[in-house]
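Have a look at the structure below, then the notes.
The values are calculated or read from the model by the stated rules, or taken from the named source; none is laboratory data. Source: prediction; values computed, not measured. When we count neighbours, we look across all protein chains shown, and the Cβ atoms used for this are built from the backbone with ideal geometry, even at glycine. Heavy atoms of the whole protein, side chains included, go into the accessibility calculation; ligands, DNA and RNA do not. Shrake-Rupley method; radii C 1.70, N 1.55, O 1.52, S 1.80 Å.
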Protein chains: 2
Amino acid sequence: MSVSSISPTAPAGTSSDVLVIGGGVIGLVTAWRAAGRGLSVAVADPRPGGGAARVAAGMLAAITELHHGEEPLLDLTLASAARYPEFAAELEAAAGSGTGFRACGTLAVALDADDRAELRVSHALHQRCGLHTEWLTGRECRRLEPMLAPSVRGGLRVDGDHQVDPRRLTDALLTACERAGVVFHRQWVRELTVSRDRATGAVLADGTALGAARTVLAAGSHSGELAGLPPGIAPPVRPVMGEVLRLAMPEPPDGAGPFLSRTVRAVVRGSAVYLVPRADGELVVGATSREQGWDTTVTAGGVYRLLRDAHELVPGITELPLRECRAGLRPGSPDNAPLLGPSALPGLQLATGHYRNGVLLAPLTGEILAESLVTGELPAFARPFSPLRFPSVVPV
Amino acid sequence: MSVSSISPTAPAGTSSDVLVIGGGVIGLVTAWRAAGRGLSVAVADPRPGGGAARVAAGMLAAITELHHGEEPLLDLTLASAARYPEFAAELEAAAGSGTGFRACGTLAVALDADDRAELRVSHALHQRCGLHTEWLTGRECRRLEPMLAPSVRGGLRVDGDHQVDPRRLTDALLTACERAGVVFHRQWVRELTVSRDRATGAVLADGTALGAARTVLAAGSHSGELAGLPPGIAPPVRPVMGEVLRLAMPEPPDGAGPFLSRTVRAVVRGSAVYLVPRADGELVVGATSREQGWDTTVTAGGVYRLLRDAHELVPGITELPLRECRAGLRPGSPDNAPLLGPSALPGLQLATGHYRNGVLLAPLTGEILAESLVTGELPAFARPFSPLRFPSVVPV
């Protein structure tokens, strides 16, 4: 690799057009798409392909994750969901491996009268937003998914919310990046380097200086913590811990249907629970939500809550092997929407704050960041998600 | 190691006075005690120090594990429990490491009127057997263990049931065996060798023949499956799977007592649950019980049941990290008591079938087997546990 002169103040090291800090799903998709636009790209991360997507269930839930007050996000999530089939196909071809994308649809169900009333409100919201969802009786729900509990009283059939396997997705992104010439520095970043009020790259844990014409901060929930960020530049993201379980579904007996054929979800006593059945037999059960800093300790109570609620929805899970209990950190933002594109610091762009929608928004984030890295500007439709919508925040 | 001529028919290989098949807690304590009597001892096990004790909670529950109809076992379990302090001290000195033995006592509690009635029956059984246990009100229980649920309605204080850490115990036994000159063959045993109606050792997976004057079958729930056992000799043991969780207790704040100071147990809706607090902060929650062959898959339902019942007993566990979910196989016998000493096949002795009491019975099993290996006969008090009490069983 040649040492370019883009960043004249960087000490001896390596330089590239773009340095992406963070090799999670968002950092990788940004790097892959930027490389596809002809930019030279480096990614700094001690374990690229790790991060929150390693834990995430991979629901592509533009519709069922729509919450009141988050309608501005809907255009973005719907657009990214619409890109998924083509994105997955392109990525799979580039990487030579699968992503587990599965157009399986989702069934959101209600277990009691309160749940049903709430689900009716969601249905009305969907209708106002022009989204197609279909109300089903409990019996109709069980006809679609025979493993559902007899207590299911009704549900919403959401044929537009699909799934992907985030582990296979990030693995494929990693391979696609390598094949596209992205350079990986498998180290922590010690600090952002800033010269003359401009971001110029970063210094790695071992002291190596990496120069870059543009630096992308894509460090998930850690994005606000990067050393070297000038006052007011640190993005207002916070970690929102979530615990997720992985079970294994049996092979269906000859002639029988699968254990579950689509994502099943509900709100049980105020907490969301979902069961995402993969084609390979994995059944992902998520997710708790706790704001307690960067702690990713799996707790007895979190696992208990998920098993209890999932069992209430699909009693047959008790027989299934429990393969894994793990916690990850969603990067929450003040309005639950991502921070995309140029920051107030020249040379520094952001791709963070995706909260519950990082996997869903990966395709569109890659496109948006590639565009803003090439042109220096966000595409018009993405401008509502500029980091500049937040007043400058002075880090504590 | 010299090749002795004790077993003249063994093919070229190595020989010893005693070959122990199985390096779990029972095999190791047998080997250690036999070596202490001056015998040359070999142990064959692909992973010595593994086995069911690796999963077990380590309750030394002679009293609270006493069930109706198992009174004959009581003398044995009480005698072994009485030996534990001295046994642990001797082993710790021999190994130079701890065993986690802790004279902490046990509190068996009742959550509803049915539980309370059942616990009253246990109390009466204890009194008939001359065991000291004390009836407490719910309030008295909570005074002893403030983390107990308000719903606890009464309990039995059992100051004689202590605990040990089975992982540290087996680690110490392994070291003590090595220091005592026990030879380890870290392989599976392919088959027992029998010559002229006498056990003469075993052949390892790689074909190595091990000759021995006496062979001890201590392979836990697998003891009945050993190839080469003549018809009618296979011990009638079966695997009884149990799932066990390991949580972590917080350091108590200054001036506060520990999270739990003794073992707490109950029967919740017919299933036993116990919480065993270690001095090092580990909290073991056990155990399910299922007869389904040698499958050690941890199931969603097993973990759910344990967390639910433990949470009912001690609601504060929800905050605790869940470190491990694991399943082991208790070696069940027809009368729930172990099979100890000479079998019907000359040269073959048994040390298996300890069911729920393997860790508790380790000290006494070591003594009994060492005696029967030296003399060829069980000590008088152990004769009720001879394998010969079962009619010959022809393996299927």
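Name the residue, out of B:GLU134, B:GLU118, B:GLU140, that is modelled with pLDDT under 95, acidic (Asp, Glu) and surrounded by fewer than 19 Cβ atoms within 10 Å (Cβ to Cβ).
Numbers: B:GLU134 fails: modelled with pLDDT under 95; B:GLU140 fails: modelled with pLDDT under 95.
The unique qualifying residue is B:GLU118.
Test of understanding: among A:PHE87, A:PHE101, which residue is over 15 Å from A:GLY358 (Cβ atoms) and within 20 Å of the chain's Cα centre (by Cα)?
Working: A:PHE87 fails: over 15 Å from A:GLY358 (Cβ atoms).
So the residue among A:PHE87, A:PHE101 that is over 15 Å from A:GLY358 (Cβ atoms) and within 20 Å of the chain's Cα centre (by Cα) is A:PHE101.
Of all residues in the range A:290-300 being open to solvent by 10 Å² or more (accessible area, probe 1.4 Å) and hydrophobic (A, V, I, L, M, F, W, C), which is modelled with the highest pLDDT? Spell out how you get there, then give the answer.
First, the residues of the range A:290-300 that are open to solvent by 10 Å² or more (accessible area, probe 1.4 Å): A:290-299.
Within this subset, residues satisfying the condition of being hydrophobic (A, V, I, L, M, F, W, C) are A:294, A:298.
Numbers: A:TRP294: 93, A:VAL298: 97.
This residue is A:VAL298.
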Of the candidates A:ARG330, A:ARG323, the one satisfying the condition of being within 14 Å of chain B (Cβ to nearest Cβ), touching a residue at least 40 places away in the same chain (Cβ under 8 Å), over 28 Å from A:GLY138 (Cα atoms) and not in a helix (DSSP H, G or I) is A:ARG323
Note on B:ALA44: of the conditions (1) assigned by TED's automatic domain parsing to the domain that holds B:GLN187; (2) among the aliphatic types (A, V, I, L, M); (3) open to solvent by 20 Å² or more (accessible area, probe 1.4 Å), unmet is (3)
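Got a sec? Which of B:LEU373, B:LEU361, B:LEU345 is within 17 Å of B:GLY24 (Cβ to Cβ) and at pLDDT 95 or above? Write out each step before concluding.
On the way: B:LEU373 fails: within 17 Å of B:GLY24 (Cβ to Cβ); B:LEU345 fails: within 17 Å of B:GLY24 (Cβ to Cβ).
One residue alone meets the criteria, B:LEU361.
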Does the range A:295-302 contain any residue that is closer than 26 Å to A:PRO331 by Cβ and more than 14 Å from every other protein chain (Cβ to nearest Cβ)? no
Given (1) surrounded by fewer than 24 Cβ atoms within 10 Å (Cβ to Cβ); (2) more than 10 Å from every other protein chain (Cβ to nearest Cβ); (3) of a type outside the set (D, E, K, R), A:ALA287 misses just (1)
Counting only helices (runs of 4 or more DSSP H) wholly inside the range A:59-152, the ones holding at least 2 residues that are in contact with a helix residue (DSSP H, G or I) (Cβ under 6 Å, 6 or more places away or on another chain) and under 22 Å from A:LEU173 (Cα atoms) are A:71-95
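Of all residues in the range B:236-276 being outside any strand (DSSP E or B) and modelled with pLDDT of 95 or more, which is surrounded by the most Cβ atoms within 10 Å (Cβ to Cβ)? Please lay out each step first, then the result.
Going residue by residue through the range B:236-276, those that are outside any strand (DSSP E or B) are B:236-237, B:249-262, B:269-270.
If we keep only those that are modelled with pLDDT of 95 or more as well, we get B:236-237, B:249, B:259-262.
On the way: B:PRO236: 19, B:VAL237: 27, B:MET249: 21, B:PHE259: 23, B:LEU260: 24, B:SER261: 16, B:ARG262: 23.
Among those that are outside any strand (DSSP E or B) and modelled with pLDDT of 95 or more, it is B:VAL237.
Counting just the residues of the range B:338-396 that are outside any loop (DSSP other than H, G, I, E, B) and among the hydroxyl-bearing types (Ser, Thr, Tyr), which one comes out farthest from B:ALA212 (Cα to Cα)?
Of all residues in the range B:338-396, those outside any loop (DSSP other than H, G, I, E, B) come to B:339-342, B:348-352, B:355-357, B:362-375, B:380-385, B:387-389, B:393.
Then drop every residue that is not among the hydroxyl-bearing types (Ser, Thr, Tyr), which leaves B:352, B:355, B:365, B:372, B:375.
Numbers: B:THR352: 19, B:TYR355: 27, B:THR365: 20, B:SER372: 15, B:THR375: 16 Å.
Here the answer is B:TYR355.
Considering each of B:THR365, B:THR375 in turn, give the residue that is open to solvent by less than 10 Å² (accessible area, probe 1.4 Å) and either under 25 Å from B:ALA176 (Cβ atoms) or in contact (Cβ under 8 Å) with a residue 12 or more places away in the chain (or both). Before the answer, list the steps.
Working: B:THR375 fails: open to solvent by less than 10 Å² (accessible area, probe 1.4 Å).
Criteria check complete, one pass: B:THR365.
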